[in-house]
Amino acid sequence: MDHSYQAAELFLNGSNCAQAIVVAFCDVTGLEPEFAARMSSSFGGGMGRMREVCGAVSGMLMVAGLLYGYDDPGEKDINKKEHYRLVQELAGKFREEIGSIVCREILKNPPTDPNPTPRTAEFYKTRPCARMVMTAARVLDAYIAEHPIP
């Protein structure tokens, strides 16, 4: 399934970039959309508008953890190593397409205050965030297609 358009639609309807990804993949993760939105709410704007890791990337990696991650902290290092390899692979594919996984670099160092920017027509014209969520969703969809969910 192509989750990229659903993720973009969620973003364009007010979800932050991380929420757009995590909620779009609820059909795969089994999460309730309200729970998924709440769980990912802190990661928009590069983690609470601190402009660190792009929220779309954070959302993509949250979904990857839900689908392919480990849950026993005592698991052998090989499981952690394999999962971290997956994280680096997905982030690397996003970086290849976009040039960075860092929000401030993607947005050219926008303000970092905690006040959300009003979602106006001008906001959507000047922000590439819908493209970021589409890219993250497409990267994750491609991985899922090649790697059956355990």
So between Glu32 and Asp2, what do we pick up on full extension, going 0.36 nm a residue minus the alpha carbon distance?
8.9 nm
For the range 18-28, in order, what is each residue's ³J(HN,Hα) by Karplus, 6.51 cos²θ - 1.76 cosθ + 1.60 with θ = phi - 60°, in whole Hz (x at glycine and Pro)?
5, 4, 4, 6, 5, 5, 4, 9, 4, 5, 9
What number comes out for the charge environment of Thr112, summing +1 per Lys or Arg and -1 per Asp or Glu over other residues with Cβ under 11 Å away?
+1
Cβ neighbours within 10 Å, averaged per peptide: list 9-18, 123-132 in order, most packed at the top.
9-18, 123-132
Say we join alpha carbon atoms closer than 10 Å with springs in a Gaussian network model of the chain; which of Phe94, Phe25, Phe35 then has the biggest fluctuation?
Phe35
Describe numerically, in nm with one decimal, the distance between label points set 7 Å from Cα along Cα→Cβ at Glu105 and at Tyr124.
2.9 nm
If I stretch the segment between Arg85 and Asp113 completely, what's the gain in nm (0.36 nm per residue apart, minus their alpha carbon distance), one decimal?
6.8 nm
Would you grab the residues whose amide H sits under 5 Å from the one on Val53? Only those 5+ places off in sequence or on another chain, please, with H modelled 1.01 Å from N.
Cys103
Within 10 Å of each residue's Cβ, count the other Cβ atoms and sort Ile101, Ile144 from fewest upward.
Ile144, Ile101
Helix axis angle, 129-146 relative to the chain longest principal axis, alpha carbon, degrees:
20 degrees
By the Kirkwood definition, with r running over pairs of different Cα atoms, the chain has a hydrodynamic radius in Å of 15.4 Å
Using label points projected 7 Å from each Cα along Cα→Cβ, tell me how many nm separate Met47 and Glu146, to one decimal.
2.8 nm
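The numbers here are math on the coordinates, done by the rules we state, and not lab data. Because the structure is predicted, anything quoted here is derived from the model rather than measured. Every residue, glycine as well, gets a Cβ built from its backbone with ideal geometry; the counts of neighbours run over all protein chains shown.
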